[in-house]
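Engineer: Structure incoming, see below.
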Amino acid sequence: MKTALLLLSLALPLSAFDQESYGRALNGWHHDGQARYSLDGAQYRTRKPLVTTNEAGETTVKVTVIQVARGWADIPFDLEVIFAPNGSAQSSRIMGTPRGHKVDTGVISRGQAPAAPAEGQAPSLSTLDQMKTDLFAAFEAQAGAAASGKELRRRDLISRRAGEVPVDVTALSAGLRYNLDLILGQGSAWRGSVK
């Protein structure tokens, strides 16, 4: 009986993240479990997310976002977002190895809610906005270093003749931001406000 209740409690949050709505926002899932779309002329693919819930009720949404730099050159990055049981995004992370260089932002956590601004001061960023700002500052710095570094991967003859894979940090960042915003929107839809 306890096992059945535990399995049921773990299964309910999994169904709460609407993968189909997420896929529709990305131009629909294809038979291979990927969505294909373009943003500002750059081509992307996103794989269906892996959604898991731990015993504490935290839900992790992990998705691979791939920028197609050329017809054959894929630059994949994993985007991971962890939601608290109440649906608020608690942390995020981006990982990948463009051109053989490791890029890992580490876990960027959502901070405490900012204090109300003093009279005459501009309001500070929300904790969610600050988490996104910190995440992409770390990502763009590391991806920029990878883009300007030497190709470290072993490549086959065809890819060596075609030249090095171009790493467009702006396009990568745009694709990852778009997916992050969609995931965060899903979180607010299934559990409450994520702001």
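Engineer: From the protein chains alone at 1.4 Å, what is the descending order of accessible area for S148, S126, S109, largest first?
Structural biologist: Sorted descending by solvent-accessible area, the residues read S148, S109, S126.
Engineer: Restricting to DSSP loop positions (anything but H, G, I, E, B) with no more than 15 other Cβ atoms inside 10 Å of their own Cβ, which trypsin sites (Lys or Arg not before Pro) remain in segment 22-91?
Structural biologist: Those that pass, being in a loop and sparsely packed, are R70.
Engineer: Tell me, what is the FRET efficiency for H30 and T133 to the nearest 0.05, using R0 = 35 angstrom and their Cβ-Cβ distance as r?
Structural biologist: Efficiency at R0 = 35 Å is approximately 0.60.
The values are calculated or read from the model by the stated rules, or taken from the named source; none is laboratory data. These numbers were taken from a predicted model, which means no experiment stands behind them. Using ideal geometry, Cβ is built from the backbone for each residue, glycine included, and neighbour counts are taken over all protein chains shown. Accessible surface is based on the protein model in full, side chains and every heavy atom, while ligands, DNA and RNA are left aside. Shrake-Rupley method; radii C 1.70, N 1.55, O 1.52, S 1.80 Å.
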